[in-house]
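A short worksheet on the structure shown next.
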Amino acid sequence: MKALILVGGYGTRLRPLTFKCPKPLVEFANKPILMHQIEALVKVGVQEIILAINYQPDTMKEQINKLQDLYKVKIICSQETEPLGTAGPIRLAKDHIIKDNPEGLFFVLNSDIICEFPLDKLLQFHKQHNHEGTIFVNEVDDPSKYGVILADETGRIKDFIEKPQEFISNKINSGLYLFNVSMIDRIPLKPTSIEREIFPIMAKEGQLYQYILPGFWKDVGQPKDYLAGTVLILESYKTHTPDVLAKGNNIVGNVLIDASAQIDPNAVIGPNVIIGPDCQVKEGVRLKNCVLLKGVIINANSWINESIIGWSSTIGKWVRIEGVSVCGEDVQVKDEVYINQSFILPHRGITSNIYNKNTVIM
């Protein structure tokens, strides 16, 4: 089998982190978002993965050899010369997808989706109904914010309704699909939306089915959702692989700490904290609901809550950062500074308080 991962976006919603690298290579739970997806695809038997790339192609290509060696899977790039939407990249990669693909099946994944990736269940259901496409759907509490999916009791999709004001369904498109290769010929080689232009036709012809995604699901493409996804994946680890979580008298709730990080025993960590490689957390620090990427230093008695601290940043003593703030790469925050719901671009020094919400430090 084969798979195509849509990695062509500019990652604007996750800036300033995506100034350093493409969004699929930003670490989530201490490994790139893309790596979570590749692991799941290899586990279900995928032998070739096509990356539909556009933004920062050289950076993406630099990682491909490492990922191929790590997972023993062939990875190739299909590069857009213009943005082709969510369906056009599938058509562009047609020759790659159909070549040496005897099963005639391929997965499609949006690159900013995180879940438990039960792709084996999707594959089994798709083969059972024996039609052209299957969509993983996710159940949400408030469907009025989304386009919802209507399906019959067999899972055959009948219609798509955009942001209904009255309850008709709580199932939404999760951005994970399995198709027969025959569906590629439905897509013109031009900018095309799979959700608005391709799926409605497939549904009208009775060729599109839904399968309810078990476990958690999150689009982690913006800071607030990235942090919410952190909570969900840590809870999943607690359920399925609890040994990977940190333990200790100074650990509160679900916490993931890379083995190379140095944590002072008088720092209190958690709940819902992820600490990356080579980080240093000094005495008296309090971390909650936050992520430290590789090489971050948090000096004594600082407080970080609901925030993401980018690679190689240094936070001074008695600093307070909160309110879904994001520091880019190599941000230097001086002692006794307060930062509230702000976004700081890479390589900046912060010497004074930032009180106003949604401040961007250029």
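The values are calculated or read from the model by the stated rules, or taken from the named source; none is laboratory data. In this text the structure is predicted, and so the values were computed from the model without any measurement. Because the Cβ atoms are built from the backbone with ideal geometry, glycine has one as well, and the counts that use them run over all protein chains shown. In case anyone asks, the SASA skips ligands and DNA or RNA and just uses the protein heavy atoms, side chains included. Shrake-Rupley method; radii C 1.70, N 1.55, O 1.52, S 1.80 Å.
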Of Lys171, Lys204, Lys218, Lys224, the only residue that is of a type in the set (Lys, Arg), touching a residue at least 24 places away in the same chain (Cβ under 8 Å) and under 30 Å from Asn130 (Cβ atoms) is Lys171
Give segment 14-59 a look and list any residue that's open to solvent by 10 Å² or more (accessible area, probe 1.4 Å), farther than 22 Å from Ile275 by Cα and in a loop (DSSP other than H, G, I, E, B), or say none.
-> Val44, Gly45, Gln47, Asn54, Tyr55, Gln56
How about segment 299-341: which of its residues are open to solvent by 20 Å² or more (accessible area, probe 1.4 Å), closer than 16 Å to Ile269 by Cα and part of a strand (DSSP E or B)?
-> Trp303, Asn305, Arg320, Glu322
